[in-house]
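Scroll down for the structure; my scribbles are underneath it.
The values are calculated or read from the model by the stated rules, or taken from the named source; none is laboratory data. Only a predicted model underlies this, so the values are computations on that prediction, with no experimental measurement involved. Positions of Cβ are backbone-derived with ideal geometry, glycine not excepted, and every protein chain shown enters the neighbour counts.
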Amino acid sequence: MPQVHPSPVRNAAAERNKEPILDVLQRVLPGTGTVLEIASGTGQHVVHFARALPELIWQPSDAESRALAWIESLVDASALVNVRMPLRLDVHEQPWPLRRVDAVVCINMIHIAPWTATEALFRGIDSVLDAAGPLVLYGPYRRDGRHTAPSNDAFDLDLRARNAEWGVRDLGDVAAEAGKYGFTLDEVVEMPANNLTVVFRRG
C-alpha cells in the first residue's frame, strides 16, 4: 500500500517572508553545494528556496515528527530533485545525523527555544559546516539590549508568558556565542515586520 502523507500545511508568515529571505540567500550562499536548513517547520521555505536556487542541494530538518511529515509531503508534491527528504534533527542531540554541508540556514528558531538551543546550534554547526560556508539566521532580535520595535517587545512578552525559557534574543549575545566557535557577524539585513537576517562566517 502506498504511503499516505498529511496535506501540506501553509504558514502565512512563511509565505510573506520567503521572498525577502531568498533575496539575501541569493547573495550570500555558495553557487553549489549542500545547504542544511534547521527547524524547517512546514517546509515552505526550503521548497521555495530550492526552486529558486536549483544548483544547490537542500537538506531540510526538524525535531518534531509532525513537521517532518509536513515537509515530506510538500517535498513530494514539489517534484524538485534538489531537495532531500527531511532529517530528524534536534540541535541538542549531538553529533548531528549528517557529516558536512556548505551552508546552514535557520529561520525563526532561537526565540521559540531555550537558550541552550542556541548554544547547541553553534556547537553542532561547528562540526558540520565547511570552513568557508555561511550561517544565515532569521528572526526578531534585540539590539544593544533594546527591542527594535514595540511589536517585538509585545511578542517577547507573549513568548515568555508561554514558556519562560523562550524569548527574543539580543543579537550581541548570539554573536558572542557564535564567537566561541570562530564565527563572526558578517552582515545584518533589516527585513519586513521588524525582523533581521544575520549572516555569520568564520574568521
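I want to confirm something. Restricting to the range 157-172 and keeping residues that are part of a helix (DSSP H, G or I) and free of Cβ contacts under 8 Å to residues at least 40 places away in the same chain, which single residue is surrounded by the most Cβ atoms within 10 Å (Cβ to Cβ)? That would be Leu171.
Each row is one residue, and each column tells you yes or no for (1) of a type in the set (Gly, Ala, Ser); (2) over 18 Å from Glu187 (Cα atoms); (3) in contact with a Ser or Thr (Cβ under 6 Å, 6 or more places away or on another chain).
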site	(1), (2), (3)
Leu68	no, yes, no
Asp76	no, yes, no
Val81	no, yes, no
Trp115	no, yes, no
Asp126	no, yes, no
Leu137	no, no, no
Gly145	yes, yes, no
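Would you say Ala193 is outside any strand (DSSP E or B), closer than 24 Å to Gln44 by Cα and modelled with pLDDT under 95? Criteria met by Ala193.
Only one entry in Pro192, Pro114 is under 25 Å from Leu22 (Cβ atoms) and touching a residue at least 24 places away in the same chain (Cβ under 8 Å), namely Pro192.
Return the pairs, sorted by first residue and then second, in which the second residue is surrounded by 16 or more Cβ atoms within 10 Å (Cβ to Cβ) and modelled with pLDDT of 95 or more, the first residue lies in the range 73-91 and is of a type in the set (Ser, Thr, Tyr), the beta carbons are less than 7 Å apart, and the residues are 6+ apart or on different chains. Every condition considered, the pairs that remain are Ser78/Val47.
For Ser151, indicate whether it is among the polar types (S, T, N, Q), surrounded by fewer than 20 Cβ atoms within 10 Å (Cβ to Cβ) and more than 21 Å from the chain's Cα centre (by Cα). Yes: the conditions hold for Ser151. Checking each residue in the range 135-147 for being on the phi < 0 side of the Ramachandran plot and within 12 Å of the chain's Cα centre (by Cα) picks out Leu135, Val136, Leu137, Tyr138.
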